[in-house]
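Colleague: Before we start, here is the structure in question, set down as structure tokens.
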Amino acid sequence: MNLARILLGINAVFFIGYGILNLIWPAAMAAQVDLWLTPESSLIELRAAFGGAMLGVGVFFAWTLTQPGHTVAGLIAMIAIIGGFAVGRAAGMLTETPVASIHGWLLGIEVVLVAAGVVALRRVAAPR
């Protein structure tokens, strides 16, 4: 199995799982990153953004994994989405204090995934 398929598979499983967890337990998931939501109606937005949207992204990654002609699109989306998380997280870490250690770990994972995505994209897109 090549790097592109491994990355798309990992991201499909993660985003689908994370989306489902946020649909079922949005408050508990938010608490993992010190996000406390009030009023309870804010859970609707959390379910939509972190539940439904993440689930949809995961389904997209799964689809690109099963469609060899769409591997490049899946990798570009992965790099853009996770890269966007990394940029937003880094900006927040530079402007907000204190920074919980989980954010450093998540940023590290995001940077590694983006770098691996770029490597995989270069391999897939390289002329043969």
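The values are calculated or read from the model by the stated rules, or taken from the named source; none is laboratory data. Bear in mind that the values here come from a model prediction, so they are computed numbers and not experimental data. Note that each Cβ is placed from the backbone with ideal geometry, even for glycine, and that neighbours are counted across all protein chains shown.
Colleague: Of everything in segment 64-97, what is in contact with a His (Cβ under 7 Å, 6 or more places away or on another chain) and within 20 Å of Asn2 (Cβ to Cβ)? Give them in sequence order. Step through it out loud before you land on a result.
Modeller: If we filter segment 64-97 for residues that are in contact with a His (Cβ under 7 Å, 6 or more places away or on another chain), which is where we start, we get 64, 89, 93.
Passing the criteria: only Thr64.
Colleague: Say whether the condition of being in contact with a helix residue (DSSP H, G or I) (Cβ under 8 Å, 6 or more places away or on another chain), surrounded by 13 or more Cβ atoms within 10 Å (Cβ to Cβ), among the charged types (D, E, K, R) and over 21 Å from Leu106 (Cα atoms) is met by at least one residue in segment 4-13.
Modeller: Yes: segment 4-13 contains one or more residues that are in contact with a helix residue (DSSP H, G or I) (Cβ under 8 Å, 6 or more places away or on another chain), surrounded by 13 or more Cβ atoms within 10 Å (Cβ to Cβ), among the charged types (D, E, K, R) and over 21 Å from Leu106 (Cα atoms).
Colleague: Being over 16 Å from Phe60 (Cβ atoms) and either assigned to a helix (DSSP H, G or I) or touching a strand residue (DSSP E or B) at 6+ places or on another chain (Cβ under 9 Å) (or both) is the filter here; which residues of segment 84-100 pass it?
Modeller: From segment 84-100, those over 16 Å from Phe60 (Cβ atoms) are 86-100; that's our starting set.
Ala86, Val87, Gly88, Arg89, Ala90, Ala91, Gly92, Met93, Leu94, Thr95 - these are the residues of segment 84-100 that are over 16 Å from Phe60 (Cβ atoms) and either assigned to a helix (DSSP H, G or I) or touching a strand residue (DSSP E or B) at 6+ places or on another chain (Cβ under 9 Å) (or both).
Okay, residues lined up against (1) among the aromatic types (Phe, Trp, Tyr); (2) under 16 Å from the mean Cα position of the chain (by Cα); (3) at pLDDT 95 or above; (4) on the phi < 0 side of the Ramachandran plot:
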| residue | (1), (2), (3), (4) |
| --- | --- |
| Ile44 | no, no, no, yes |
| Leu55 | no, yes, yes, yes |
| Ala77 | no, yes, yes, yes |
| Gly88 | no, yes, yes, yes |
| Ala91 | no, no, yes, yes |
| Thr97 | no, no, no, yes |
| Ile109 | no, yes, yes, yes |
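Colleague: Filtering segment 103-121 down to residues that are exposed (fewer than 13 other Cβ atoms within 10 Å of the Cβ) and not hydrophobic (A, V, I, L, M, F, W, C), which residue is nearest to Ala4 (Cα to Cα)?
Modeller: Gly108
Colleague: Determine the pairs where a residue that is aromatic (Phe, Trp, Tyr), located within segment 45-65, has a partner that is at pLDDT below 95 with Cβ atoms under 6 Å apart, the partner being 6 or more residues away or on another chain.
Modeller: Every condition considered, the pairs that remain are Phe50/Asn22.
Colleague: Given Ala31, Ala100, which one is touching a residue at least 24 places away in the same chain (Cβ under 8 Å), of a type outside the set (Val, Ile, Thr), farther than 29 Å from Ala125 by Cβ and surrounded by fewer than 14 Cβ atoms within 10 Å (Cβ to Cβ)? Step through it out loud before you land on a result.
Modeller: Working: Ala31 fails: touching a residue at least 24 places away in the same chain (Cβ under 8 Å).
Result of the check over Ala31, Ala100: Ala100.
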